[in-house]
Amino acid sequence: MRKLIIFLLISVFSSGLLAESNLPKGIIKVTPRPAPTLNLENMDGEKYTPYKNPSRWRFVHFWASWCGPCRREMPSIQKLIKAMSKDKLEFVIVNTAESEDTVFSFLGGVAPDINTLLDRDGLATERWRPRGLPSTYLVDPSGQIQYVVIGGQDWQNSQYQQFLRKLTINNDKNR
Amino acid sequence: MKIRKLHKPIIYLFAISIGLFIYEASLAAPTRHVIKNPSIKMVIIPRTAEQMAAFYEGREFPAKAIDATRSACFFTIGIHNKSKNIIWLNSLQWQLSSKASKIELIRNTHWKQQWKKLNLAQRFQSTFRWTLLPEQLDFHPDEREGGNITIPRQDGSFNLTAHFLTGTDKKGKPVVLEFKNLRCAKDNN
């Protein structure tokens, strides 16, 4: 029994340590801070309900169609959403300050399966204080921002998917 | 012999059209100023008033806001931290000077006040703000960010000295980049 406890302690400790030290390129661990609210509607006019899935990590992504890295990254995010559909990760995609027409025509061409929230006046985005666009935040199930992803990334890269899976699995273990 | 005589004008025309093509291409391609060293890469691209107007028109900005942008020269800046340390951007510390005088960067707060005066809708203010280079930012290793800086429109050339502090505590060896003979880009009217 004692050996089992020691083994469990070591594995829990090492998994946490691994998550900290082996971060994929562009992901930064930050001092946790509460994620600002997102009282926004999506493209279908449905209100986003924060903490609808309180047991899940959230992948919160801010973008605009005029930003080059955002345009390049969006198809890869669509594929990531599909690849992680069975994982306990909630995707919250937020367009910053563009008209519905612009958003519809852009997403229709590059990522038609994505239903983005519309931050019509850009104020919700401001509250998150992104470093630039695109910006992605990883928010833990208690609503704390734990990681910031700088710039656009290739989410098809298995390193990122493994990292995200590890987060959700560790969360399940800790519950 | 006759054939040769016929070919001469064609060859001249061909040479002239190639010359024109090269000249037009040189006008259309924006000048890029690049400085690259082991720790940082910085790119400056001057933008013409029409390029900026077209960009903001494409984002449905009202004419009054686009007119306001014409009083400024826009330069798109790209910065890539190639080092393994934090590099601190503080554009307020950059020095810009022409032969005649010191040039002040137009602060982001100036634009905010300008938009307030023009009663510009919040969504346009937000988009404009995101197209500007942040005035201060800690660049993480391998981070790339970009955006525009603006100065009052002017004719002559000027130099820009960009200072960057380095290291988490800002006590590392500073990086200083000097760009010479920058000019506001002009539209070909």
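The values are calculated or read from the model by the stated rules, or taken from the named source; none is laboratory data. Quantities reported herein were computed from a predicted structural model and do not represent experimental measurements. As a convention, Cβ positions derive from the backbone with ideal geometry for all residues, glycine included, and neighbour counts pool all protein chains shown. The accessibility values were calculated without ligands, DNA or RNA, using every heavy atom of the protein model including side chains. Shrake-Rupley method; radii C 1.70, N 1.55, O 1.52, S 1.80 Å.
Overview of results
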{"quantity": "Rule-of-thumb Rg ratio for segment A:71-175 [Cα; 2.2 N^0.38 Å; N residues]", "calculated": "1.11"}
{"quantity": "In order through segment B:53-61: 3J(HN,Hα) via Karplus (6.51 cos²θ - 1.76 cosθ + 1.60), integer Hz, x for Gly, Pro", "calculated": "4, 4, 4, 6, 4, x, 9, 6, 5"}
{"quantity": "Amide H within-cut-off set for B:Cys73, under 5 Å, with H built and near neighbours excluded", "calculated": "B:Ile151, B:Arg153"}
{"quantity": "Other-chain or far-sequence residues with amide H under 5 Å of A:Gln144's (modelled H)", "calculated": "A:Ala35"}
{"quantity": "Segment B:87-145: Cα Rg divided by the 2.2 N^0.38 Å rule of thumb", "calculated": "1.39"}
{"quantity": "Amide H within-cut-off set for A:Glu90, under 5 Å, with H built and near neighbours excluded", "calculated": "A:Trp57, A:Arg58, A:Phe59"}
{"quantity": "Interface burial for B against A (accessible surface, 1.4 Å probe, total of both chains, Å², rounded to 100)", "calculated": "1600 Å²"}
{"quantity": "For segment B:143-189: Kirkwood Rh in Å [reciprocal of mean 1/r, alpha carbons]", "calculated": "13.5 Å"}
{"quantity": "Phi-based couplings in Hz for segment A:37-44 (Karplus 6.51, -1.76, 1.60; Gly and Pro marked x)", "calculated": "6, 10, 8, 10, 10, 8, 5, 9"}
{"quantity": "Surface accessible to a 1.4 Å probe, B:Glu57 within the full protein complex, Å²", "calculated": "110 Å²"}
{"quantity": "Cα pair distances in segment B:42-90, grouped into 10 Å bins until the bin that holds the longest one, percent each", "calculated": "23, 38, 22, 16, 2"}
{"quantity": "Shielding score for A:85-97, defined as the mean number of other chain Cβ atoms within 10 Å", "calculated": "1"}
{"quantity": "Per-selection Rg to Rh, segment B:97-189 - Cα, Kirkwood hydrodynamic radius", "calculated": "1.02"}
{"quantity": "Counted charge near B:Glu50, where neighbours are those whose Cβ lies closer than 14 Å (Asp, Glu -1; Lys, Arg +1)", "calculated": "+1"}
{"quantity": "Per-peptide average of other Cβ atoms within 10 Å, ordering A:131-139, B:32-40 highest first", "calculated": "A:131-139, B:32-40"}
{"quantity": "Average partner coverage of A:66-72, which counts Cβ from other chains inside 10 Å", "calculated": "2"}
{"quantity": "In Hz, Karplus ³J(HN,Hα) per residue of segment B:140-156 (6.51, -1.76, 1.60; θ = phi - 60°; x = Gly, Pro)", "calculated": "7, x, 6, 6, 10, 9, x, x, 9, 10, 10, 9, x, 4, 8, 8, x"}
{"quantity": "Segment B:59-186: relative contact order as a whole-number percent, Cα under 8 Å and 6+ apart", "calculated": "38 percent"}
{"quantity": "Segment B:33-189 - Rg over Rh from alpha carbon coordinates, Kirkwood radius", "calculated": "0.98"}
